[in-house]
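Everything on this sheet refers to the single structure shown next.
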Amino acid sequence: MIYLDFNATTPMDSRVRDQFLRSLDLAYANPASAQRAAGRAAQTVVEDARVQAADALGVAPKEVIWTSGASESILLAVMGLVASQIPSRRTVLVSPTEHKAVLAAADLAGRVLGARVIYLHVDSAGVVECGSLESELDESVCLAAAMHSNNETGVLNPIDEIASLCRANNVPVLVDATQSLGKVDLGPACRGADLMALSAHKAYGPKGVGVLLARGPVKRQLVSFQPGGGQEFGMRGGTHNSPGISASALAIELAMSEQVGWERHSRALVERLHANLRSKLTEIDVVTGLKPRLGNTINIRFHGADAEAVMANAPNVAVATGSACNAANPEPSHVLLAMGLTRAQAEESIRFSVGKETSESEIDEATDAIVHAVTRVRRLTAA
């Protein structure tokens, strides 16, 4: 199997796995049982991990809230902030190309808390149009959400500009940086975000651990919907996954420190894949055109070839037609539809996402398999 679906999830880095296994022995106790030596040891592991992650991201440790993943981080950010506002200030701005975790959280805030949800305009590459954002910013808006990079296309949003517009109007910004960790410079997101969601398993860490970065007064406004025993500054009750948290902190540190090398490697591989496909097939398009995107990601439309059929004819190549979190939904990608593609065009599009261990030989082998599959599907479709 040639795995080219690293945006869905990644294998655990061996260094992270070793840290996880060590922490299973060091941090087996409940960190909340701090009056006992074993509990204090587990609590130390959690807090050391918080400092490690904060240092890597360039934020204060008190701004790091451990969660079960980016989806929970996003839910806490959206619901927690909306719930703290008076009814006349419960408007949430989102782009229609956001991950389903953001769209679902905004929808829930509308149904449960009476929030008004406004969908911003995006261009044909799926980039948020800042003019659309600026026109919607008023005193009723309590939150604007914009992903740093799109999980399906890799396209990058102008987070600095978005954050500047929101800051001028006293509107907090939620940045979903889940796909960006380790793949591109996170500086703009860390500088501009009042709230930022991350997930360890997208960056060679364990599944089941995420981070919500919550800054200054915005953090103090959040209302917890899972108070429990008051863990995580009262934001996220429940027993900590201490080994997972320790391993995730190392994954974040490695992702930040090795990002430049990962990005250079992955961009070269994606360029090789695209060049290979263009040399052997006609009528293929990169759905985002020339807009800046993650180096490891490319979403290609193969005209006249249904993507599901192509994948069925290339069973040894793991790729995707959309978000892994939405794979059970037979509908075409909401991201591609929001960009202006027709249903038929969206159903001809495949996402390729490479990883740090992907090799040139795998790219070449995958190219041959995809070319064979596309050619066969086109021939059968035309018959």
**Request:** Mind ranking 87-96, 291-300 by how tightly packed they are, going by the mean number of other C-beta atoms within 10 angstrom, highest first?
**Result:** 291-300, 87-96
**Prompt:** If the cut-off is 18 Å between C-alpha atoms, which lysines fall inside it for Lys202, apart from same-chain ones fewer than 8 positions away?
**Reply:** Lys100, Lys183, Lys356
**Prompt:** To the nearest 10 degrees, how steeply does helix 242-257 sit against the main Cα axis of the chain, on a 0 to 90 scale?
**Reply:** 60
**Message:** Could you give the length gained by full extension between Glu357 and Ala275, i.e. 0.36 nm per residue of separation minus their alpha carbon distance, to one decimal place?
**Reply:** 27.5 nm
**Message:** Given points 7 Å out from each Cα along the Cα-Cβ axis, report the Glu283 to Ala168 separation in nanometres with one decimal.
**Reply:** 4.6
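How much mean residue ellipticity at 222 nm does the chain get from its helices, if each DSSP H run of length 4 or more adds -39500 (n - 2.57) and you divide by all residues, to the nearest 500 deg cm²/dmol?
One gets -13500 deg cm²/dmol as the mean residue ellipticity at 222 nm.
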**Request:** With a Förster radius of 22 Å, plug the Cβ-Cβ distance of Leu290 and Ala268 into 1/(1 + (r/R0)^6) and report the FRET value to the nearest 0.05.
**Result:** 0.80
**Item:** From phi via Karplus (6.51, -1.76, 1.60), per-residue ³J(HN,Hα) for the range 303-318 in Hz, x at Gly/Pro
**Value:** 4, x, 9, 4, 4, 5, 5, 4, 5, 5, 8, 10, x, 8, 10, 8
**Asked** What list of ³J(HN,Hα) couplings, whole Hz, do you get for the range 112-126 from phi and the Karplus terms 6.51, -1.76, 1.60, once you set θ to phi - 60° and write x for glycine and proline?
**Response** 9, 10, x, 5, 9, 9, 10, 9, 6, 7, 10, 7, 5, 9, x
**Request:** Take each of the peptides 49-55, 308-314, average the number of other beta-carbon atoms within 10 Å over its residues, and list them starting from the highest.
**Result:** 49-55, 308-314
**Request:** Kindly state, to the nearest 0.05, the FRET efficiency for Lys62 paired with Ser257, given R0 = 30 Å and r defined as their beta-carbon distance.
**Result:** 0.85
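Note the full-extension length gain between Asp138 and Glu365 as 0.36 nm times their separation in residues minus their Cα-Cα distance, in nm to one decimal.
On the way: separation 227, 0.36 × 227 = 81.72 nm, distance 5.26 nm.
My answer for the length gained is 76.5 nm.
R0 = 41 Å: FRET efficiency of Asn30 with Ile86, Cβ-based, nearest 0.05?
0.60
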**Message:** Could you sort the peptides 77-86, 219-228 by per-residue average Cβ neighbour count (10 Å cutoff), highest mean leading?
**Reply:** 77-86, 219-228
**Prompt:** How do Leu290, Leu57, Leu337 rank when sorted from fewest to most other Cβ atoms within 10 Å of their own Cβ?
**Reply:** Leu290, Leu337, Leu57
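Which value, in debye to the nearest 20, gives the size of the charge dipole of the range 14-257 about its Cα centre, when Lys and Arg are +1 and Asp and Glu are -1 at the Cβ?
860
Throughout, read-outs are computed from the coordinates displayed, never taken from laboratory work. Every value quoted in this text rests on a predicted model; they were computed, and no experiment measured them. Cβ coordinates were reconstructed from backbone atoms using ideal geometry, including for glycine residues, and neighbour counts include every protein chain displayed.
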